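Notes follow the structure.
The values are calculated or read from the model by the stated rules, or taken from the named source; none is laboratory data. Small disclaimer: the values here were computed from a predicted structure and weren't measured. Here Cβ is always computed from backbone atoms with ideal geometry, including for glycine, and neighbour counts include all displayed protein chains. For the accessible areas, the whole protein counts, side chains as well, though only heavy atoms, and no ligand, DNA or RNA atoms are used. Shrake-Rupley method; radii C 1.70, N 1.55, O 1.52, S 1.80 Å.
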Amino acid sequence: MLTATMAVGLALTACGSDPEDTANAVTPAPEASEEINRALSFQAETTWGEEFDGESLDQVSAVLWFWSADCVECVPQAPLVLAAADNHDDIEFHGVAGRGEPDDLLDFEMTHGLDAMTNVIDADGLIWAGFGVISPPTLVFISPDGTHTTVPGAMTEHELEIAISEELG
């Protein structure tokens, strides 16, 4: 039931939001540590067929970038996320791909240079749901103290750097 509800929600909101509206529409509030532990309780396959354990992100600074192969806003967002990853060696950056066939996701990854970071496939939408992600692009900032902030919509390079600084210090 959750998967069906989420699929409808994703279909209705996919890539249809104005980045300026969505990036500022949410007043991020850190989630309780128990919530992040529940959200990190996943295992998924990467686009390269390897296993990824979400609990490996416990007690680290991390940024999860939620994207899909059919997301028009994700195309210009990809190089910004990669640049931020290059600028912040102390923060783990990972992609969470959803709403697509594995071959399409891998093609998008290769076309846009996302193979420079680990990208997991969220085949059933449970990782997206665990972090409250409705549509791509969305960024989730995970702090070592067990809190996270979910920010929907595309960001500029400057907005992304501010968010990293504010959320992950």
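Among the conditions (1) without any contact (Cβ under 8 Å) to a residue 60 or more places away in the chain; (2) buried (at least 22 other Cβ atoms within 10 Å of the Cβ); (3) part of a loop (DSSP other than H, G, I, E, B), Gly132 misses just one, which is (2). State the number of residues belonging to the stretch 78-118 that are β-branched (Val, Ile, Thr) and assigned to a helix (DSSP H, G or I). The total comes to 2.
Applying the selection to the stretch 90-109, what residues are under 17 Å from Glu166 (Cα atoms) and either open to solvent by 40 Å² or more (accessible area, probe 1.4 Å) or modelled with pLDDT under 95 (or both)? Within the stretch 90-109, Asp90, Glu92 meet the criteria. Count of the stretch 113-129 residues, restricted to those that are out of contact with any strand residue (DSSP E or B) (no Cβ under 8 Å at 6 or more places or on another chain) and open to solvent by less than 50 Å² (accessible area, probe 1.4 Å), is 2.
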